[in-house]
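Reviewing the structure listed below.
What follows draws every value from the coordinates through simple rules; no lab data is involved. This one's a predicted model, so the numbers in the text were calculated from it and none came from an experiment. Every residue, glycine among them, receives a Cβ derived from its backbone with ideal geometry; neighbour counts consider all protein chains shown.
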Amino acid sequence: MRVFLNRHYVKPCITNADTIRTVEGYSDIIVLRHFESGAARRAAATAEIPVINAGDGPGQHPTQALLDVYTIKREIGRLDGIKLGLVGDLANGRTVRSLAYLIAKYQNIKIYFVSPDVVKMKDDIKEYLTSQGVEWEESSDLLDVASRCDVIYQTRIQKERFGERIDHYEAARGKYIVDKKVLGVLPKHAVIMHPLPRLDEITVDVDSDPRAAYFRQAKNGLYIRMALLKLLLVGH
Ligand code: ASP
């Protein structure tokens, strides 16, 4: 199996169709992480081998959504009827965008968006959820949301997406922290998830609580991505 993982190596020229044509001569699959939204879609339009979007800027992160949905199913036992709190940088965090998109395929989903004002969930996802009949609401009260949810999905404020607007970053960071107080109101059966890496948005004293699912979640990524590669290379 030859899998071409670009990560940082060919970033500056990956949008160039010649690069994709060259790389596909070396590999069976291209796994593309890129800083621009839509880069994987463009690469896939050129490539004749499968392209996996491993995160395109503030766009999407579909393999993360697959492992997140798998984790929810394993941890909670079901996907239909899930109440999900998406917390943190919802404007620039691609994982929450992809998860909202994927979870909308299930029945009776309720999503709470909890984010600083400068990084609210964008309208394209809200409109999509509404079109799919998914109930959603915005809240500024993390404790209230945590007391109602099956899953609290915390995210990092994506500093690298703020550019010069460092005042916006400063306004956003530290506003919503998952700590012992949040654990205190979280239902017994519920879990805390995070796509990692974590900065300070989940305090480390949360890690020892059985409801802290983020390292189990990260491990599930190994299995889900192995399964995806197998599916693409050898089929079912
Ligand atoms: N690892 C995730 C991503 O690639 C989350 C993050 O970077 O904060 O989007």
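Given labels modelled 7 Å from the Cα in the Cβ direction, how far is it in nm from Ile166 to Leu196?
Distance between label points: 3.0 nm.
How far apart, in nm, are two points set 7 Å out from the Cα along the Cα-to-Cβ line at Arg21 and at Lys188?
Result for the modelled spin labels: 6.3 nm.
I'm a student and want to see the number: the projected area of the Cα convex hull of the stretch 1-121, averaged over all directions, in nm². Mind dumping the intermediate values first?
Details: hull surface 34.6 nm².
With every direction weighted equally, the projected area is 8.6 nm².
Place the peptides 159-169, 194-204, 47-57 in order of packing, highest mean first, counting for every residue the other Cβ atoms within 10 Å and averaging per peptide. Walk me through the numbers before you get to the answer.
Numbers: 159-169: 13.2, 194-204: 16.3, 47-57: 19.4.
Put in order of decreasing packing, that is 47-57, 194-204, 159-169.
Starting from the 7 Å offset along Cα-to-Cβ, what nm value, one decimal, do you get for the label separation of Lys219 and Leu5?
Distance between the two pseudo-spin positions: 2.0 nm.
How long are the three semi-axes of the equivalent ellipsoid for the chain, computed from the Cα gyration tensor as the root of 5 times each eigenvalue, in whole Å, largest first?
Working: eigenvalues 193, 84, 55 Å².
Working through the eigenvalues yields semi-axes of 31, 20, 17 Å.
Report the full-extension gain for the segment Ser139 to Ser208: residue separation times 0.36 nm, less the Cα-Cα distance, to one decimal in nm. Write down the numbers at each step before the final one.
Values: separation 69, 0.36 × 69 = 24.84 nm, distance 2.75 nm.
Gain in length upon complete extension: 22.1 nm.
Using the reciprocal of the averaged 1/r over all distinct C-alpha pairs, how large is the Kirkwood radius of the stretch 53-174 in Å? Write down the numbers at each step before the final one.
Working: mean 1/r = 0.0686 Å⁻¹.
One over the average 1/r among Cα pairs gives 14.6 Å for the stretch 53-174.
Which FRET efficiency, nearest 0.05, do Glu127 and Ser147 yield, Cβ-Cβ r, R0 41 Å? Walk me through the intermediate numbers first.
On the way: r = 28 Å, r/R0 = 0.69.
E between Glu127 and Ser147, to the nearest 0.05, is 0.90.
Mind checking the angle between helix 214-234 and the chain's longest principal axis? C-alpha axes, 0 to 90 degrees, to the nearest 10.
With both axes taken from Cα atoms, the answer is about 30 degrees.
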